[in-house]
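In what follows, a single structure is set out as structure tokens and then discussed.
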Amino acid sequence: MSYLQLDAVAKHYGSRTVLRDVSIDLKAGEFVSLLGPSGCGKTTLLRIVAGFDQPDSGRVVLEGRDISGLAPAKRQMGMVFQAYSLFPNMTAQENVQFGLRVRRQDAAAQQKRAREVLELVGLAEHAQKYPHQLSGGQQQRVALARALAISPALLLLDEPLSALDAKVRVQLRDEIRRIQQETGVTTLFVTHDQEEALSISDRVVVMHDGVLAQVGEPAAIYGEPANIFVARFVGAVAELPGVVADGSGGMVTVLGRQVAASRARGMAAGTRVYFLLRPETVRLGPPDAAGMLHGTVIARTFFGALTSLKVEITGGTDCVTAAMASGDAANIAIGSTVSVNWDPDSPRLLVA
Amino acid sequence: MSRPTHNLIPGLGLGVIGLYFVIPLVATGAFSLWEGGDKYGLAAYAALIHQPKLWQSLGLSVRLAIQTILVGLVVLVPAVFWLNLRVQRLRPLFDFLSVLPFVVPPIALVAGMTTLYTGPDWFVGTANYLVVPYVILALPYTYRALDVGMRALDLKTLTEASQSLGAGWMTLILRVVVPNLTTALIGAALLTIAIVMGEFTFANILLFNTFAVYIDYVGQTSATQAAALTLLSFLITWLAMLGVLFTGRGGRGQVQIGGAR
Ligand SMILES: Nc1ncnc2c1ncn2[C@@H]1O[C@H](COP(=O)(O)OP(=O)(O)OP(=O)(O)O)[C@@H](O)[C@H]1O
Ligand SMILES: [Mg+2]
């Protein structure tokens with residue numbers, strides 16, 4: 001049985017539909033990310049789970065109990081916000097103890113628990129500092145500790161890393177995952193950063209305009225996008241117009257050439273498809289007749305270990321990006337003509 | 001690097017303003033020490049201190065000031081909190097209401113009050129009754145101070161954070177909102193004290209012997225004592241300020257607005 005169940009949750013603001021019958025199930029101990037572009041309704045959904053917003057219809061069920069009508073204070077949910085949310089008048093430790101104090105735990109138990117969670121987030125030695133004496137990353141750690149202190153039924157994180165700089169963001173992201181695994185707390189994590197979502201989640205929920213675009217494990221979201229929105233939103237992808245040429249042989253006509261794509265097997269000839277190539281599956285080689293497509297290198301972007309080369313396919317303005325080891329890319333000059341190849345299993349086809 | 005011209009002009013301005021305040025005070029002080037002819041001394045002060053009525057009126061005004069502060073805050077803290085958290089669109093209405101005391105002359109308020117308010121004798125029959133108009137008089141200042149203080153806080157996030165931790169509204173306001181408003185509360189309290197200590201119209205018409213009424217009465221009987229009393233009232237206001245500031249500092253919340261870096 002699922003631990004948290006969102007059952008056809010819908011929400012409107014005025015005439016604007018923000019959530020359309022969203023249903024998600026979380027298993028106990030699972031780390032699920034809500035991923036989607038700005039304005040797609042992630043925060044709204046999280047706030048409905050937390051009880052700060054009421055759905056127009058649908059239910060929020062926690063451990064078999066409908067909590068839709070329950071006040072936020074009664075839901076036992078730990079929440080970390082995007083904005084810094086520590087109480088400025090309290091030290092880190094007092095912040096962490098706040099939820100316990102509200103629950104009238106005795107002072108010794110409060111202090112013990114506060115020390116535990118502050119240690120968990122690596123801030124034990126900063127317990128007596130006020131929020132303004134802590135860095136942004138440290139403040140978010142304290143906020144996490146504060147949310148964990150009450151042993152929440154559910155941990156809700158709304159883009160807790162977005163105000164932090166890149167390095168701290170990666171550190172804290174990994175730490176959130178470690179802490180989640182150590183504590184086993186079921187977690188719903190909102191982000192618009194796909195790398196964040198893919199790297200730390202058990203499952204990712206991709207949202208688009210208030211509907212679920214796809215729900216699945218990170219590898220499946222990346223490798224088997226269910227629709228063109230997910231393909232475009234998660235990871236880089238080259239998108240070429242194609243028509244299935246031969247359903248039994250696995251051939252697709254792309255830009256006037258017949259190319260191999262094993263996923264075309266079983267599709268009716270004549271079906272229009274998006275022909276999708278991830279940069280890391282594209283191989284560039286010397287121009288020869290055996291190449292699947294040909295093109296001209298028009299741009300180069302250096303990422304350190306990897307370099308991506310942008311290739312304009314001959315006979316059109318469509319481009320394909322190839323990611324390769326920087327050493328190999330150095331041998332290919334901008335303006336040179338190349339063949340574009342791939343393993344027939346690599347291209348993904350989505351019916352257009 | 002010295003910039004004499006840059007420093008001179010503001011300095012001069014401050015000096016002139018300072019003189020504008022100090023000269024009357026010094027003159028009042030000198031006059032309060034005058035004992036007729038060319039004799040100077042503390043006779044006026046000595047005479048004042050032995051007036052039990054002075055202490056009664058002073059006590060009354062201080063008590064009224066404290067009551068006014070408490071009533072004003074109990075009413076306004078939740079109201080301004082709610083305004084900032086939930087009903088921002090009512091801000092024009094709040095702004096309008098808060099300046100009404102400037103628009104309606106006290107004399108009209110007093111006339112309205114005497115006809116409108118009836119009630120139990122312990123309230124209407126005693127000086128406690130003055131708290132009602134005083135809260136209204138202090139309203140613009142208290143409202144402004146609280147509003148500025150609350151706007152500087154991220155109320156929505158603080159509210160939601162404390163609710164998700166299980167806190168109710170009372171806990172939220174008393175433990176989270178108020179402690180982060182110390183500066184605003186001190187400001188509101190100071191202004192209220194200043195208003196109540198100096199308020200004359202209501203007390204005089206409703207026949208209560210407050211500090212301001214007593215100053216007026218003394219002024220009619222002894223000019224030097226009135227001057228001494230005026231200085232005394234300055235001193236009280238200043239002491240009040242220092243006292244309130246000091247307690248504000250003494251509290252532990254070294255509040256820095258904005259919190260984050
Ligand atoms: N209180 C509200 N009143 C009116 N519209 C709202 C309200 N809250 C959210 N919306 C609208 O609902 C939509 C979804 O908002 P939401 O905050 O859930 O998006 P989001 O996915 O969290 O975006 P972001 O990544 O920018 O935080 C937005 O278009 C927003 O304008
Ligand atoms: Mg959001």
### Task
Output the qualifying pairs, or none if there are none: Cβ atoms under 7 angstrom, residues six or more apart or on different chains, first residue in the range A:257-284 and in contact (Cβ under 8 Å) with a residue 40 or more places away in the chain, second residue assigned to a loop (DSSP other than H, G, I, E, B) and β-branched (Val, Ile, Thr).
A:276/A:237; A:277/A:237; A:278/A:237; A:284/A:332
### Message
Condition check: surrounded by fewer than 18 Cβ atoms within 10 Å (Cβ to Cβ), touching a residue at least 24 places away in the same chain (Cβ under 8 Å) and away from ligand 1 (no atom under 16 Å from the Cβ). Does residue A:59 satisfy that?
### Response
yes
### Message
Only one of A:47, A:146 is away from ligand 2 (no atom under 16 Å from the Cβ) and basic (Lys, Arg). Can you tell me which?
### Response
A:146
### Residues of the range A:199-220 that turn out to be without any contact (Cβ under 8 Å) to a residue 60 or more places away in the chain, in a helix (DSSP H, G or I) and surrounded by 17 or more Cβ atoms within 10 Å (Cβ to Cβ), as a count
1
### Message
Test of understanding: among A:33, A:38, A:15, which residue is at pLDDT 95 or above, more than 14 Å from chain B (Cβ to nearest Cβ) and over 29 Å from residue A:102 (Cα atoms)?
### Response
A:33
### Message
Just to verify a result, which residue in the range A:51-76, among those that are in contact with a Ser or Thr (Cβ under 6 Å, 6 or more places away or on another chain) and within 16 Å of residue A:3 (Cβ to Cβ), is nearest to the other protein chains (Cβ to nearest Cβ)?
### Response
A:60
## Note on the structure
Note: among B:161, B:167, B:188, just one is modelled with pLDDT under 90 and either surrounded by fewer than 22 Cβ atoms within 10 Å (Cβ to Cβ) or of a type outside the set (Lys, Arg) (or both), namely B:188
### Query
closer than 21 Å to residue A:315 by Cβ, among the charged types (D, E, K, R) and in contact with a strand residue (DSSP E or B) (Cβ under 6 Å, 6 or more places away or on another chain): does that describe residue A:263?
no
### Task
Could you check how many residues of the range A:36-56 are surrounded by fewer than 21 Cβ atoms within 10 Å (Cβ to Cβ), more than 22 Å from the chain's Cα centre (by Cα) and in contact (Cβ under 8 Å) with a residue 24 or more places away in the chain?
2
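Let's see how each residue does on (1) crowded, with 20+ Cβ neighbours inside 10 Å; (2) away from chain B (no Cβ under 12 Å); (3) over 29 Å from residue A:223 (Cβ atoms); (4) not small (Gly, Ala, Ser):
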residue: A:124; (1), (2), (3), (4): no, yes, yes, no
residue: A:130; (1), (2), (3), (4): yes, no, yes, yes
residue: A:140; (1), (2), (3), (4): yes, no, yes, yes
residue: A:151; (1), (2), (3), (4): no, no, yes, no
residue: A:172; (1), (2), (3), (4): yes, yes, no, yes
residue: A:190; (1), (2), (3), (4): yes, yes, no, yes
### Query
Here are some conditions: (1) modelled with pLDDT of 95 or more; (2) within 16 Å of ligand 1 (Cβ to nearest atom); (3) away from chain B (no Cβ under 14 Å). Residue A:156 meets all but one. Which one does it not meet?
(3)
#### Entry: Hits in the range B:121-168 (condition: of a type outside the set (D, E, K, R), in contact (Cβ under 8 Å) with a residue 24 or more places away in the chain and either in a loop (DSSP other than H, G, I, E, B) or within 14 Å of chain A (Cβ to nearest Cβ) (or both))
B:149, B:150, B:152, B:153, B:155, B:159
### Message
Take residue A:181 and tell me if it is out of contact with any helix residue (DSSP H, G or I) (no Cβ under 7 Å at 6 or more places or on another chain) and more than 16 Å from ligand 2 (Cβ to nearest atom).
### Response
yes
#### Entry: Count - residues of the range A:17-56 that are of a type in the set (Asp, Glu) and within 15 Å of ligand 1 (Cβ to nearest atom)
2
### Options B:128, B:84: the member that is surrounded by 10 or more Cβ atoms within 10 Å (Cβ to Cβ) and within 19 Å of the chain's Cα centre (by Cα)
B:128
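The values are calculated or read from the model by the stated rules, or taken from the named source; none is laboratory data. The shown structure was predicted, so the numbers you read here are calculated from the model rather than taken from an experiment. Cβ atoms come from the backbone with ideal geometry, glycine included; neighbour counts cover every protein chain shown.
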